Amino acid sequence: MTSAAATTFAIIHDDLVAALRARDVSRLEARLAADVVYADPEGHVRCADRTAVVAWARDVAAADPPALERFELVAGESSAVLGLAAPGLARVLGDAGPDGEVYIAFTLRGGRIARMHDYRTRAAALAAAGLPA
């Protein structure tokens, strides 16, 4: 893993995943680009700006998280894919597939999360992020 990929990994793991589990949304907020956009699996904008992403994150952090069955984080120099699977994940995230899986592709710019996009399959998320399957 390159140092840039390791930095991307740390940003997604520490400032998104760990921050949400600790209910510390301010850590995530500090890593969001001012013009961040979050899209649902159909490509429709779920959150059009930083304020909306922070509000979404507060809702996720406030929910009782389901016990994860699977966690995967694949990171590249400026993109990453986070894969999660858990019964009840749709209740928390809203876009998990019927088997409780969701894959979120991230694009980073200048050390900040610039785009988040939910996908229903690992292959689609990795392709969108430009990462090898």
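The values are calculated or read from the model by the stated rules, or taken from the named source; none is laboratory data. Since this is a predicted model, take the numbers as computed values, not measurements. Here the Cβ is made from the backbone with ideal geometry for all residues, glycine too, and neighbour counts use every protein chain on show.
Couple of notes before you dig in:
- Beta carbons closer than 7 Å, at least 6 apart along the sequence or on distinct chains, pair a first residue in region 1-25 that is of a type in the set (Phe, Trp, Tyr) with a second that is crowded, with 16+ Cβ neighbours inside 10 Å for PHE9/LEU73; PHE9/ALA75; PHE9/ALA80.
- Within region 103-121, at least one residue is over 12 Å from the mean Cα position of the chain (by Cα), at pLDDT 85 or above and crowded, with 16+ Cβ neighbours inside 10 Å.
- Positions within region 25-56 being within 14 Å of ASP15 (Cα to Cα) and out of contact with any Cys (no Cβ under 9 Å at 6 or more places or on another chain), in sequence order: VAL25, SER26, ARG27, LEU28, GLU29, ALA30, ARG31, LEU32, ALA33
- Positions within region 58-80 being modelled with pLDDT under 90 and either closer than 16 Å to PHE106 by Cβ or polar (S, T, N, Q) (or both), in sequence order: VAL60, PHE71
- Unmet criterion (only one of (1) touching a His at 6+ places or on another chain (Cβ under 9 Å); (2) acidic (Asp, Glu); (3) surrounded by fewer than 14 Cβ atoms within 10 Å (Cβ to Cβ)) for ASP35: (1)
- Residue tally, condition in contact (Cβ under 8 Å) with a residue 60 or more places away in the chain, in a strand (DSSP E or B) and not polar (S, T, N, Q), over region 48-85: 4
- Top-ranked residue in region 1-24 [being of a type in the set (Ser, Thr, Tyr) and more than 14 Å from ILE104 (Cβ to Cβ); ranked as surrounded by the fewest Cβ atoms within 10 Å (Cβ to Cβ)]: SER3
- Taking the criterion of being surrounded by 15 or more Cβ atoms within 10 Å (Cβ to Cβ), of a type in the set (Gly, Ala, Ser) and out of contact with any helix residue (DSSP H, G or I) (no Cβ under 9 Å at 6 or more places or on another chain), the residues of region 38-57 that qualify are ALA39, ALA52.
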